[in-house]
1. Test LEU331 against the criterion of being within 33 Å of the chain's Cα centre (by Cα) and surrounded by 14 or more Cβ atoms within 10 Å (Cβ to Cβ), and give yes or no.
2. Among the residues that make up the stretch 148-162, is at least one of them in contact with a Ser or Thr (Cβ under 8 Å, 6 or more places away or on another chain) and closer than 30 Å to ASP237 by Cβ?
3. Within the stretch 303-312, which residues are in contact with a helix residue (DSSP H, G or I) (Cβ under 9 Å, 6 or more places away or on another chain) and open to solvent by 80 Å² or more (accessible area, probe 1.4 Å)?
4. Mind checking whether some residue in the stretch 272-287 is of a type outside the set (S, T, N, Q), in contact with a His (Cβ under 9 Å, 6 or more places away or on another chain) and within 22 Å of GLU340 (Cα to Cα)?
5. Return the total of residues in the stretch 72-120 being assigned to a helix (DSSP H, G or I) and closer than 11 Å to ILE34 by Cβ.
6. Looking only at the stretch 1-42, which residues are in a strand (DSSP E or B) and not hydrophobic (A, V, I, L, M, F, W, C)?
7. Scan SER309, SER332 and give me the residue that is touching a Ser or Thr at 6+ places or on another chain (Cβ under 9 Å), outside any loop (DSSP other than H, G, I, E, B) and polar (S, T, N, Q).
8. Which pairs turn up if I take residues in the stretch 227-249 that are within 22 Å of GLY262 (Cβ to Cβ) and look for partners that are surrounded by fewer than 14 Cβ atoms within 10 Å (Cβ to Cβ) with beta carbon separation below 7 Å, at least 6 apart in sequence or on another chain?
Amino acid sequence: MSKKIKAVSLISGGLDSLLSTKLMLDQGIHVEGINFFTGFCVEGHTHAIRKQKSDKPKRNNALWVAEQLGIKLHIIDVIEEYRDVLLNPKHGYGKNMNPCLDCKGFMVKKAKQWMEENDFDFIITGEVMGQRPMSQRKETMPVVQEESGAGDLLLRPLCAKHLPLTKAEIEGWVDRERLLDFSGRTRKPQMALAKEYGFDDYATPAGGCCFLTDKQYSDKLVDMWQARGNRDYQLDDLMMLKVGRHIRPNQRFKMIIAREEGEVKFLEGYRNQYAHLYSTSCNGPIALIDGEPNQEDIKIAAKILARYSQGRDEDSVDVEVKLQAGVAQQLSVKPFSAEEIDKNWMV
C-alpha cells in the first residue's frame, strides 16, 4: 500500500489559505491546518468584545476555515518565541510595526518543525506573488524558503505556476497543471474561485490577520515602549492596545477609556490591576490609568473622563478615582472639550 501524502497548511483564517488548502484536498492530499498565536492576531479579540459589526458571527476565522474544509486545526502559542521576530527583524518593518518577511519565515520554519515531528511531507501557504509588499514579492519569496529551511518543501498552490517546481510536484504528489497562476494585489480571482467552490461567508479578502499592520495599533505599541523606556510586553499589554481610546496627557500616565458596553465589561476585569476612574453624577465609561500619575495628573484624567460621560456639556461632573493602593478620591471637574483632547493627547 502506498504511503498517504500529508501536508500541513498555514491557516490564517483568510480567503487565501482557505483556497490553497481546498486545492490540495481536491488532489487527494491529507491536509491538517496550523495556526500560530503571536498575541497580535486579529481573531477573537476586539471582534468578540465590541458590538461593532454585531450582525456578523463572532468566530475565530481560522477555526471556521478548518470547519468548512473538514480538517483538523492545530493552534500553537508562539508568543514568547515571536518576541525576537518583532523586536529584532532582520529584514526590518513594513509600513507600520509589521515585520512581515521575518514573520513569514518564522512561521514557515515552525511549520517545518511541526511537519518533521508529525511525519508530514510538505507545507502549504496561501501566498500570492505580488500581493504583499514585503513578504510576497518575486524576489522575497525565495528568502522565506531559504531562511526557514523549508526549501522545496514549501508549496504555494495559488501562484505555483509562477514559481520553480517543488518536491511535491517533482515527486508527483500533486499535479502542477491543477495549481494556479494568481498574481498581483487584486483579489478578484480568489473571490471568483471562492464562488465556484460555494464559499460565501469568508473573512474580508483584503483584510490583514495581524494588528501590527494597523497604524493606530502600531502607534500605541511604540507609545507604550517609549513611556516605559523598554520594549518589553506581556499578553495583557497587547490585549489592552486593542481596546478603548488611548489618551496620553504626559509621559507619567496614559488613560484607556471604554467606547461601548463590551469594552466597559472588558476593562472592568482589570480594575484590581490598574488605578481607574468613572463618573458618579451621570452615566459614563470606565477608564484605566496606566502609569504613575501625580495629583495634578489625576485632575486632568478626571476632566478627560468627564468629556466622554453623559455630562460632557455640564459645568461640573463628579468623578471617583480609585488608586491601586485602594485609596478613593472624589472630584468635581469641568469636562475638557473634544478639541483639547484630540489636539493634545490622543495616541
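1. no
2. For the stretch 148-162, residues in contact with a Ser or Thr (Cβ under 8 Å, 6 or more places away or on another chain) and closer than 30 Å to ASP237 by Cβ: absent.
3. Correct list: ARG312 only.
4. Yes, that holds for at least one residue.
5. Residues flagged as assigned to a helix (DSSP H, G or I) and closer than 11 Å to ILE34 by Cβ within the stretch 72-120 amount to 8.
6. LYS6, SER9, HIS30, GLU32, GLY33, ASN35
7. Exactly one residue qualifies, and that residue is SER332.
8. Hits for this filter: ILE247/MET346.
The values are calculated or read from the model by the stated rules, or taken from the named source; none is laboratory data. Since we're looking at a predicted model, the values are computed, not measured. Here the Cβ is made from the backbone with ideal geometry for all residues, glycine too, and neighbour counts use every protein chain on show. Protein only, heavy atoms only, side chains kept; ligands, DNA and RNA dropped before computing areas. Shrake-Rupley method; radii C 1.70, N 1.55, O 1.52, S 1.80 Å.
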